[in-house]
Amino acid sequence: MFKLVILLVLLGVICSLFSGLFFLFKNRGADDDRSVKALTVRIALSLVLFALLMLGFYFGLIPGHAR
């Protein structure tokens with residue numbers, strides 16, 4: 001279940017990245033901040049993903065491969 005949540009957040013990061021790219025090319029020169037909002041969402045999701053990975057390793061939900 002935990003790995004599924006991580007995959008969904010990662011998918012959200014990728015979708016937000018491509019939506020920011022789409023808005024960047026679609027609105028050339030316009031005063032529209034949709035690309036900035038999409039990239040802000042990507043940064044927030046990336047931070048959530050990093051925190052989830054750290055918590056997963058700390059609590060043993062994601063096993064490490066070190067001996």
message = Looking at the structure I just gave you, is A44 touching a Gly at 6+ places or on another chain (Cβ under 9 Å) and small (G, A, S)?
response = no
Criterion violated by G56 - all others in (1) surrounded by fewer than 16 Cβ atoms within 10 Å (Cβ to Cβ); (2) over 15 Å from the mean Cα position of the chain (by Cα) satisfied = (1)
query = Considering the stretch 1-31 alone, what residues qualify as being loosely packed, with under 12 Cβ neighbours inside 10 Å and part of a loop (DSSP other than H, G, I, E, B)?
reply = M1, R28, G29, A30, D31
note = Reported set for the stretch 32-52 where residues are surrounded by fewer than 16 Cβ atoms within 10 Å (Cβ to Cβ), closer than 23 Å to P63 by Cα and of a type outside the set (G, A, S) is L47, V48, F50
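Tally up the residues in the stretch 32-42 that are assigned to a helix (DSSP H, G or I) and modelled with pLDDT under 90, please.
6
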First in the stretch 1-29 and closer than 26 Å to L61 by Cβ, second anywhere and modelled with pLDDT of 90 or more and of a type in the set (S, T, N, Q), Cβ under 8 Å, 6 or more apart = V13/S46
task = Return a yes/no flag: does the stretch 55-65 have any residue that is assigned to a loop (DSSP other than H, G, I, E, B), in contact (Cβ under 8 Å) with a residue 24 or more places away in the chain and not small (G, A, S).
result = yes
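The values are calculated or read from the model by the stated rules, or taken from the named source; none is laboratory data. Note that the coordinates shown come from a computational prediction; the quantities given were computed from them, not determined experimentally. With ideal geometry, Cβ positions are generated from the backbone for all residues, glycine too; neighbour counts draw on all protein chains shown.
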